[in-house]
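Report on one structure; see the data block that follows.
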Amino acid sequence: MLGVLTGFTVVWIIILAGYLIGRLGVLGDNAQTVLSRLAFFVASPALLLVTLSDADLGTVFSLPLLVAAASALLTAVVFVLCTRWWLRRPLPEALISAMSSSLVNAANLGLPIAVYVLGDAAYIAPVLIFQLAFFTPLFLMALDTSTSGRRTSLLSFLAQTVRNPIIIGTLIGLFLGATGLELPVIILEPVTLIGGAAVPAMLLAFGISLVGSRPLRRDGGRRADVVLASAFKLVLQPALAYLLARFVLGMEGHLLFAVVVTAALPTAQNVFVAATRYEEGVLVAKDTVLVTTVLSLPVLVLIAALLA
């Protein structure tokens, strides 16, 4: 319980700082856009490169990885079908909303919860690596194509993909991790420092975006999307993780508890950064991050009461 509260406290303090910055106008009118672009184009690629270059790829290919991948993919696919066929949203917006419903906050909340609640940071590693190396780049590839305004050939699709800075950082990091190569210290240190700006930039940008905002506004026209995405994130995804882990893979005990807890983490703030970057689904991303961050605390407590 202390780990859950500590993780949420850290996140909310930084978000509050961003809100105060925006409220006081300290960084000017374009602060949110600048910080979001800094996180997307500069800091996040550096963070991905450093994180993945040190990853134990043997840990990635494990049963927790299968649970994280299957539960996230199933949640996202079902959500896209709902938003396309029921809510009739454009594909780029449906993709951002699907990210909101399935991409977990594995870094700023997942790591402290893994340490203080689950007892080992290694429990969050499969989720973190899966999202960094596959899940997020998959969405970004689809967004690059769906927002280009035209059908693209395989060659042009690959060209768009390799120009995406987050995907570039991911690929370089995976290459370094797989080959065991190490960057010279004179290069690694500045890249690491730049990557350290990713999470605070995301959280500050999110806090600034809250100035004057009212979650679940009726006049926003996306209340149903936010409620549905939040329900998928906090109920469907951990339920799928439990069913897959318990009845398909035969997991039990503390390991079962760990995979369900990681699946029940709230929506990651970088969904809002991606929404800002592609100018699609910004309202849904912002509100879903806020709603799930608030409501995930009682959800995690309930999971702990049932499984711990």
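The values are calculated or read from the model by the stated rules, or taken from the named source; none is laboratory data. Here the structure is a predicted model, which is why all the values come from computation and not from measurement. All Cβ positions, even for glycine, are placed from backbone atoms using ideal geometry, and neighbour counts span all protein chains on display.
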For this session: Sort through L216, L265 and tell me the only one that's outside any helix (DSSP H, G or I) and under 20 Å from the mean Cα position of the chain (by Cα).
Result: L265
Problem set entry | Total residues in the stretch 75-93, condition more than 26 Å from A198 (Cβ to Cβ) and part of a helix (DSSP H, G or I) | 9
For this session: Please specify each residue of the stretch 1-59 satisfying the condition of being of a type in the set (S, T, Y) and either modelled with pLDDT of 90 or more or over 28 Å from E189 (Cβ atoms) (or both).
Result: T6, T9, Y19, T33
Problem set entry | Residue check for V127: touching a strand residue (DSSP E or B) at 6+ places or on another chain (Cβ under 7 Å), modelled with pLDDT of 75 or more and either not in a helix (DSSP H, G or I) or not polar (S, T, N, Q) (or both) | yes
Problem set entry | Selected residue (criterion: modelled with the lowest pLDDT) from residues of the stretch 272-288 that are under 18 Å from F8 (Cα atoms) and in contact with a Ser or Thr (Cβ under 6 Å, 6 or more places away or on another chain) | K286
Problem set entry | Failed criterion for A245 (all others in (1) over 21 Å from A76 (Cβ atoms); (2) more than 21 Å from the chain's Cα centre (by Cα) hold) | (1)
Exercise. Under the condition of being among the β-branched types (V, I, T) and part of a helix (DSSP H, G or I), which residue from the stretch 98-124 is farthest from V260 (Cα to Cα)?
Worked result: V115
